[in-house]
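*Asks:* Right, I'll just put the structure down here and ask away after.
The values are calculated or read from the model by the stated rules, or taken from the named source; none is laboratory data. No experiment lies behind these values; they were computed from the predicted model shown. As a convention, Cβ positions derive from the backbone with ideal geometry for all residues, glycine included, and neighbour counts pool all protein chains shown. Ligands, DNA and RNA are stripped out before the accessible areas are found, and what is left, the full protein with its side chains, is counted by its heavy atoms. Shrake-Rupley method; radii C 1.70, N 1.55, O 1.52, S 1.80 Å.
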Amino acid sequence: MKKLYCFLTFGLLLLSSCETDNVSDQNISPYVDFSNQAGGVYDMEIPGDNYNEIVENPFVKVEDQAISTFSIDADGASYANLRRFLLQDNQLPPKNAIRTEEMINYFNLDYGFTESGHPISLNGEISNTPWNNETKLIRIGIKGKPLAEPLPPSNFVFLIDVSGSMGSEDKLELLKNGFKTLVNEFTSEDRIAIVTYAGSSSVILESTPGNEKGEIINAIDRLGAGGSTAGSEGIKTAYEIAAANFLENGNNRVILGSDGDFNVGITSQEELIELIEEKRDSGIFLSVLGVGRGNLNDAAMEQIANNGNGTYEYIDNIEQLRKVFIYEYNKFFTVAKDVKVQVEFDIKNVEAYRLIGYENRLLKEEDFEDDEEDAGEIGAGQNITAIYEVIPSRNPQYSTIPSIKVDFRYKDPDSDSSQLLGLEIFDEGKAFGESSDFMRFTASIASFSMLLRDSEYKGSSEYDKVLNWLNSTSLADEHGFKAELKTLVEKAKNL
């Protein structure tokens with residue numbers, strides 16, 4: 001069934017998480033028409049796979065709303081999931097599976113860390129837009145502070161779905177391989193517990209020192225799938241164990257692995273979010289790992305992570321396991337939480353703007369200074385990127401004033417009070433080809449995303465152009481993920 005029109009298991013949440021009050025005069029774009037945007041739609045390319053609807057951000061006139069506010073998003077699930085669609089299923093992903101910010105933030109861009117007084121460092125630039133001669137792009141980059149060895153000790157609770165729906169090779173067996181890979185990273189200072197859930201939750205391994213690797217791996221090997229899915233009970237048990245073994249000045253984290261098919265106890269997305277919101281002030285962070293196809297509840301998994309001081313990754317193959325558990329292990333160590341971005345556009349330089357992606361991360365202007373308002377987390381050494389497409393004003397003196405002023409708020413991992421830092425970005429009149437590799441690479445991904453969505457904003461984007469732009473960059477690619485991106489572009493072009 002190509003589309004399923006549904007009313008409102010997830011629609012209520014969507015209304016609350018995607019603010020529309022600050023969207024005005026939507027027909028401002030020189031090349032878009034908003035008349036066909038529909039509401040309340042789920043993409044379900046595979047029966048049972050659930051994705052929250054994404055309606056792309058429109059252009060907003062600066063004279064109507066000069067300030068744009070959003071939470072950062074450090075997830076990478078959407079990219080790995082669309083890779084599975086292209087390479088394993090030989091089909092284009094459904095539109096609502098494509099979250100542009102997660103595609104961009106999947107990649108390590110190796111932004112330099114230059115900040116001495118804060119755990120995040122900022123950078124940015126402006127260039128022409130390669131797919132529209134009438135607009136420009138503004139790239140905002142954030143880098144999390146790298147942590148020196150040895151890393152702080154970790155208190156991990158593996159929360160593993162062993163219900164009947166998890167009984168395929170691309171689900172429980174893949175997760176078991178991943179968790180066993182992670183065990184190799186542990187020391188005697190770390191603590192690991194294993195909680196499973198099917199019809200109810202069970203403690204398979206009490207909190208155990210990390211150097212007892214054989215005992216931990218044996219517990220993982222014994223896992224098998226069967227029964228219904230009481231995910232809410234598993235979440236409660238996992239957080240109780242994490243709290244009982246809490247490490248001061250350590251990394252306290254629940255790692256949930258599931259297809260998200262919750263069907264016993266608390267099952268609705270809204271109720272699951274309420275449950276996870278109760279846990280996020282405990283100082284315990286959350287990593288959500290999605291697996292499988294056919295009943296993947298991407299909608300719930302992503303929102304659980306978003307609202308629980310967490311991140312969401314999709315595991316589609318063994319190399320993705322290595323990426324999450326080995327190559328980017330440092331990301332499990334949060335250096336800043338509740339990171340918010342507020343951008344003020346100068347009407348002298350910018351007539352209108354639209355944020356590319358982050359549709360379900362938008363915040364109200366007043367949320368920026370509200371320390372009770374949840375936002376995203378950034379791990380050690382992690383980079384986050386946001387891109388605005390803007391319609392420039394006719395100002396011949398544009399280079400003399402900043403086009404945007406960006407304020408950032410964040411909290412230290414163990415703090416309830418936010419700190420502020422800022423960045424001004426000037427337009428130096430750069431053509432796209434003169435911009436940094438960072439700009440050309442991230443803009444290429446944004447263009448690729450718009451092509452996959454058949455976006456009204458794609459302008460003159462073409463798959464061959466995306467490949468040319470990617471080929472013009474020379475970023476470090478130790479593990480070959482950036483080269484693989486070109487393979488995905490070629491595959492999508494042929495499909």
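*Asks:* So how many residues does region 330-354 have that are of a type in the set (A, V, I, L, M) and open to solvent by 10 Å² or more (accessible area, probe 1.4 Å)?
*Replies:* Here the count works out to 2.
*Asks:* Exactly one condition in (1) at pLDDT below 95; (2) surrounded by fewer than 20 Cβ atoms within 10 Å (Cβ to Cβ) is not met by residue 396; state its number.
*Replies:* Of the numbered conditions (1) at pLDDT below 95; (2) surrounded by fewer than 20 Cβ atoms within 10 Å (Cβ to Cβ), the odd one out for residue 396 is (1).
*Asks:* Only one of 490, 456, 428, 484 is more than 30 Å from residue 377 (Cβ to Cβ), of a type outside the set (Val, Ile, Thr), in a helix (DSSP H, G or I) and modelled with pLDDT of 95 or more; which?
*Replies:* 490
*Asks:* If we keep just the residues of region 50-75 that are in a strand (DSSP E or B) and open to solvent by 20 Å² or more (accessible area, probe 1.4 Å), which is nearest to residue 298 (Cα to Cα)?
*Replies:* Of everything passing the filter in region 50-75, 50 is nearest to residue 298 (Cα to Cα).
*Asks:* Something else: Restricting attention to region 352-361, does a residue exist that is closer than 22 Å to residue 77 by Cα, in a loop (DSSP other than H, G, I, E, B) and touching a Lys or Arg at 6+ places or on another chain (Cβ under 7 Å)?
*Replies:* yes
*Asks:* Hey, among 200, 207, which residue is surrounded by fewer than 18 Cβ atoms within 10 Å (Cβ to Cβ) and modelled with pLDDT under 95?
*Replies:* 200
*Asks:* Here is a further query. Being within 18 Å of residue 354 (Cα to Cα), out of contact with any Asp or Glu (no Cβ under 6 Å at 6 or more places or on another chain) and surrounded by fewer than 22 Cβ atoms within 10 Å (Cβ to Cβ) is the filter here, so list the residues in region 399-423 that pass it.
*Replies:* Answer for region 399-423, where residues must be within 18 Å of residue 354 (Cα to Cα), out of contact with any Asp or Glu (no Cβ under 6 Å at 6 or more places or on another chain) and surrounded by fewer than 22 Cβ atoms within 10 Å (Cβ to Cβ): 406, 407.
*Asks:* Would it be correct to say that residue 225 is small (Gly, Ala, Ser) and open to solvent by 40 Å² or more (accessible area, probe 1.4 Å)?
*Replies:* So residue 225 passes the test.
*Asks:* What's the number of the condition residue 278 fails, among (1) closer than 16 Å to residue 102 by Cα; (2) open to solvent by 10 Å² or more (accessible area, probe 1.4 Å)?
*Replies:* Among (1) closer than 16 Å to residue 102 by Cα; (2) open to solvent by 10 Å² or more (accessible area, probe 1.4 Å), the lone unmet condition for residue 278 is (1).
*Asks:* In region 360-376, which residues are open to solvent by less than 10 Å² (accessible area, probe 1.4 Å) and within 16 Å of the chain's Cα centre (by Cα)?
*Replies:* Selection gives 375, 376.
*Asks:* Next up: Of the numbered conditions (1) under 30 Å from residue 281 (Cβ atoms); (2) open to solvent by 50 Å² or more (accessible area, probe 1.4 Å); (3) among the polar types (S, T, N, Q), residue 218 fails exactly one; give the number of that condition.
*Replies:* (1)
*Asks:* Being more than 15 Å from residue 382 (Cβ to Cβ), of a type in the set (D, E, K, R) and touching a residue at least 12 places away in the same chain (Cβ under 8 Å) is the filter; apply it to region 135-153 and report the residue that is least open to solvent (accessible area, probe 1.4 Å).
*Replies:* 139
*Asks:* Under 6 Å by Cβ, and 6 or more places apart or on different chains, what pairs join a residue from region 287-308 that is open to solvent by 10 Å² or more (accessible area, probe 1.4 Å) with one that is among the charged types (D, E, K, R)?
*Replies:* Between residues of region 287-308 that are open to solvent by 10 Å² or more (accessible area, probe 1.4 Å) and residues that are among the charged types (D, E, K, R), the close pairs are 295/259; 295/261; 297/261; 307/277.
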